[in-house]
Amino acid sequence: AIGSSTGGPQALFEVIKNLKGLSQPILVTQHMPPTFTRILASNIERQTGVPTAEAEEGMALQPGKVLVAPGDYHMTVERGGNGGVVKLSQTPPENFCRPAVDPMFRSIAAMFGSATLGVILTGMGHDGREGARSITDAGGMIVAQDEKSSVVWGMPGAVAMAGLASKILPIGEIGAYLRRRAGGRP
C-alpha cells in the first residue's frame, strides 16, 4: 500500500516501475481530485508497464495490479470473493484529505496483518502517520521516502519522526527494496 501527495506522481512512477510481475496487489492513495486519479492510473500503466486501474467499488485485489484510489473517495479493502475487495466511501475527509492514506493503511493492516508493507512518499501534512501506526502495531513494515529526495518531507517525515518507519530510503532505492521484500526478482 503506497500513500503520496505533493510530488507523488513522479515518485510513484519511480517506485512502481520496479514492481512489475509481483504476486501481491498494489494499492495507491495519491491526494488528487476526481478525473485526475483516472489520468494518474493511465499514466502509471503507460510509464511503468504495470497493469493499473482507478479503483471501483467491489473490485477484486489482483496479483501485480495497481489500484489507485479515485478522487473524492477513501479506498479501503475488506474480505470478499477469493481475497480482498475494494470499498469506496465518502466518509468525512481525514487529515483534510479525501482520499486519505490513513483509512487505506488501517484497512490493509486489519486484513493482512504482519504481511502488510506500507510505503509513504513525498507529501505535505501528516496523512499516513496513524495508518502507519496501525501497520506497525499489526507487525507489518513501513518504508518512508528520505528527506533529500522528497519534494515535501511532511508525510514521510511525520512517519519517520514518530518512529514508525522500518526503512527510510531515497526514492531511487524504494522500488528495488520493495521487490526484494515481496520476494520478486529484479
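Using C-alpha pairs below 8 Å separated by at least 6 residues, the relative contact order for the range 1-101 is 28 percent. Surface composition of the range 101-186: carbon and sulfur make up 52 percent of the accessible area, probe 1.4 Å. Candidate cross-link partners of residue 167 among the lysines, defined by an alpha-carbon separation under 26 Å and a same-chain spacing of 8 or more, comprise 17, 20, 65, 148.
Based on DSSP H segments of at least four residues, each scored -39500 (n - 2.57), the chain has a per-residue ellipticity at 222 nm of -10000 deg cm²/dmol. Compared with the rule-of-thumb size 2.2 N^0.38 Å for a compact globular protein, the chain has a Cα radius of gyration ratio of 0.89.
The peptide list 41-49, 133-141, 117-125, put in order of mean Cβ contacts within 10 Å with the highest first, becomes 117-125, 133-141, 41-49. Measuring nothing but how far apart in sequence close Cα pairs (under 8 Å, 6+ apart) lie, relative to its length, the chain scores a relative contact order of 23 percent. Entry comment: accessible area of the chain is 44 Å² per residue, from protein heavy atoms only and a probe of 1.4 Å.
Protein heavy-atom surface of the range 1-78, 1.4 angstrom probe: 51% of the accessible area is carbon and sulfur, with nucleic acids and ligands not counted. Of all DSSP-defined beta bridges confined to the chain, some 30% are antiparallel rather than parallel. Here the contact order of the range 53-96, divided by its residue count and restricted to Cα pairs under 8 Å and six or more residues apart, works out to 40 percent.
Put simply, when 169-178, 22-31, 61-70 are sorted by average Cβ atoms within 10 angstrom per residue, most first, you get 22-31, 61-70, 169-178. The length gained by stretching the chain between residue 182 and residue 39 to full extension, at 0.36 nm per residue less their Cα-Cα distance, is 48.8 nm. Mean-square fluctuations from a GNM of the chain, with a 10 angstrom spring cutoff on Cα atoms, peak among 95, 18, 82 at 82. Positive contributions from Lys and Arg (+1) and negative ones from Asp and Glu (-1), summed over other residues with Cβ under 14 Å from the Cβ of residue 92, come out at -3.
The values are calculated or read from the model by the stated rules, or taken from the named source; none is laboratory data. Please read these numbers as outputs of a predicted model, since none were measured by experiment. Don't worry about glycine lacking a Cβ; one is built from the backbone with ideal geometry, like all the others, and counts go over all protein chains shown. To get the accessible areas, we keep the full protein, side chains included, count just its heavy atoms, and leave off ligands, DNA and RNA. Shrake-Rupley method; radii C 1.70, N 1.55, O 1.52, S 1.80 Å.
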